[in-house]
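Step one of this worksheet: look at the structure below.
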């Protein structure tokens, strides 16, 4: 699951805040700011100049020094991945692919994208090469930024990761590649600007934040604002990054969306709907579907899941090509009548394309874990329960499935960081709109 570790900055990446104090003269103020700016610049330079310089091997088999050959004198976007990662890595790759395309006509080859494996023991150059061909699609444009996929000595890569501020205090977690943080380390060695950026937030924010750091000139760093000002002056409408399905015109020819494919939903689930009728998820092929696992006694996370599903229902229900499925293990308490009342409280009308489905616990666990790729429930000790009947903690991510039954995203709409929750809720709406704007390539039965 996406976690908040990307928020932890290494000591070398701290930002100095320059605040004007009342009663200080302008001359003294300028002198103080000058000292602080000089200190910040030296700190950033020290971070870069003390960067480890291990020999790494790229997808072409070339041996390169990390700092000397790849970072020095360049703008860089650095992330960690591993080739069999099925969670945040495919999403991060989509973000990098979009940034690479966006920056082709602005900063061009002065920026380099450096993806370093967190699993160097098994991610050899032979393993990385086909992975790189799959994700770093070739471009005929002469200014498309370079994207290196790198492996090397595991101990040296760990030291590099630690220097970049991505280290867990718990050694068990730190040594587990599946726990690596989804983070972009963005910097410009020449200008001394460095920052960490979450690649899973709103794409326009990722592009804006990255552009502010890697740009060589003010014109490059604020090219987006200049474009908006120019468009406003000419009377042209500004682009709207958030579009509902009703606002998206269908293309003349079918095309596949740019969202990653995280898996394929194979066997359908059969259960009892709140109406009391038997239903199966098999007929939902051909529709864009969002699945979420809920627990009616859950006092916190399930409410956030249902609130996001309600917003999706309000936005996309009228398309006729969208469906929601809330899943819960059957129990003596959770009868169809109970679920009907529960659905009414959640704001789901009977005619809405929104099922509340119960099935046996083993069936639900198999469908959510094997089918949707969610984590297994964790039994809750009595002292951790917020409700006496809250027996387990389950994965609260919503899962987006396209018309062909392919999983296109998992979204953590309940997160300790409210900003990340809001971004996840926004992102699933934007991704749903993208899928609905795309005519299905094929429609097959499982």
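The values are calculated or read from the model by the stated rules, or taken from the named source; none is laboratory data. Treat the numbers as computed from the prediction; the structure is a model and nothing was measured. Using ideal geometry, Cβ is built from the backbone for each residue, glycine included, and neighbour counts are taken over all protein chains shown.
Of all residues in the stretch 301-319, which are touching a helix residue (DSSP H, G or I) at 6+ places or on another chain (Cβ under 6 Å) and farther than 14 Å from residue 347 by Cβ?
Within the stretch 301-319, 316, 319 meet the criteria.
Residue 159 - would you say it is at pLDDT 90 or above, more than 27 Å from residue 203 (Cα to Cα) and outside any helix (DSSP H, G or I)?
No.
Looking only at the stretch 356-365, how many residues end up being touching a residue at least 12 places away in the same chain (Cβ under 8 Å) and surrounded by fewer than 21 Cβ atoms within 10 Å (Cβ to Cβ)?
Residues in the stretch 356-365 being touching a residue at least 12 places away in the same chain (Cβ under 8 Å) and surrounded by fewer than 21 Cβ atoms within 10 Å (Cβ to Cβ): 5 in total.
Residue 114: surrounded by 18 or more Cβ atoms within 10 Å (Cβ to Cβ), at pLDDT below 90 and closer than 19 Å to residue 166 by Cβ, yes or no?
When the stated conditions are applied, residue 114 does not pass them.
From the list 333, 255, 311, 243, pick out the single residue that is surrounded by fewer than 20 Cβ atoms within 10 Å (Cβ to Cβ), at pLDDT 90 or above and out of contact with any strand residue (DSSP E or B) (no Cβ under 9 Å at 6 or more places or on another chain).
After ruling out the rest, the residue left standing is 311.
Being in contact with a helix residue (DSSP H, G or I) (Cβ under 7 Å, 6 or more places away or on another chain), outside any loop (DSSP other than H, G, I, E, B) and free of Cβ contacts under 8 Å to residues at least 60 places away in the same chain is the requirement here; does residue 194 meet it?
no
Please note which strands (runs of 3 or more DSSP E) are completely contained in the stretch 264-335 and include at least 3 residues that are in contact (Cβ under 8 Å) with a residue 12 or more places away in the chain.
By residue number, 270-273, 288-293, 322-329.
Mind counting the residues in the stretch 163-178 that are without any contact (Cβ under 8 Å) to a residue 60 or more places away in the chain and part of a helix (DSSP H, G or I)?
Of the residues in the stretch 163-178, 4 are without any contact (Cβ under 8 Å) to a residue 60 or more places away in the chain and part of a helix (DSSP H, G or I).
Select the strands (runs of 3 or more DSSP E) contained entirely in the stretch 352-446, then report the ones holding at least 2 residues which are modelled with pLDDT of 90 or more and more than 22 Å from residue 88 (Cβ to Cβ).
In the stretch 352-446, 354-359 are the strands (runs of 3 or more DSSP E) which contain 2 or more residues that are modelled with pLDDT of 90 or more and more than 22 Å from residue 88 (Cβ to Cβ).
Considering every residue within the stretch 121-130, establish whether at least one is without any contact (Cβ under 8 Å) to a residue 60 or more places away in the chain and either outside the structural domain of residue 97 (by TED's automatic domain parsing) or farther than 21 Å from residue 87 by Cα (or both).
yes
From the list 182, 129, which residue is touching a strand residue (DSSP E or B) at 6+ places or on another chain (Cβ under 9 Å) and assigned to a loop (DSSP other than H, G, I, E, B)?
Result: 182 is the single residue among 182, 129 that is touching a strand residue (DSSP E or B) at 6+ places or on another chain (Cβ under 9 Å) and assigned to a loop (DSSP other than H, G, I, E, B).
Can you pull out the residues in the stretch 24-65 that are over 16 Å from residue 188 (Cβ atoms), modelled with pLDDT of 70 or more and outside any strand (DSSP E or B)?
Once the filter is applied, which keeps residues that are over 16 Å from residue 188 (Cβ atoms), modelled with pLDDT of 70 or more and outside any strand (DSSP E or B), the stretch 24-65 yields 50, 52, 53, 54, 58, 59, 60, 61, 62.
Please work out if residue 187 is modelled with pLDDT of 85 or more and at positive phi.
In short, no.
Checking residue 166 against (1) surrounded by fewer than 21 Cβ atoms within 10 Å (Cβ to Cβ); (2) closer than 21 Å to residue 195 by Cβ, which test does it fail?
Single failed check for residue 166: (1).
Modelled with pLDDT of 85 or more, assigned by TED's automatic domain parsing to the domain that holds residue 60 and buried (at least 16 other Cβ atoms within 10 Å of the Cβ), is that true of residue 133?
no
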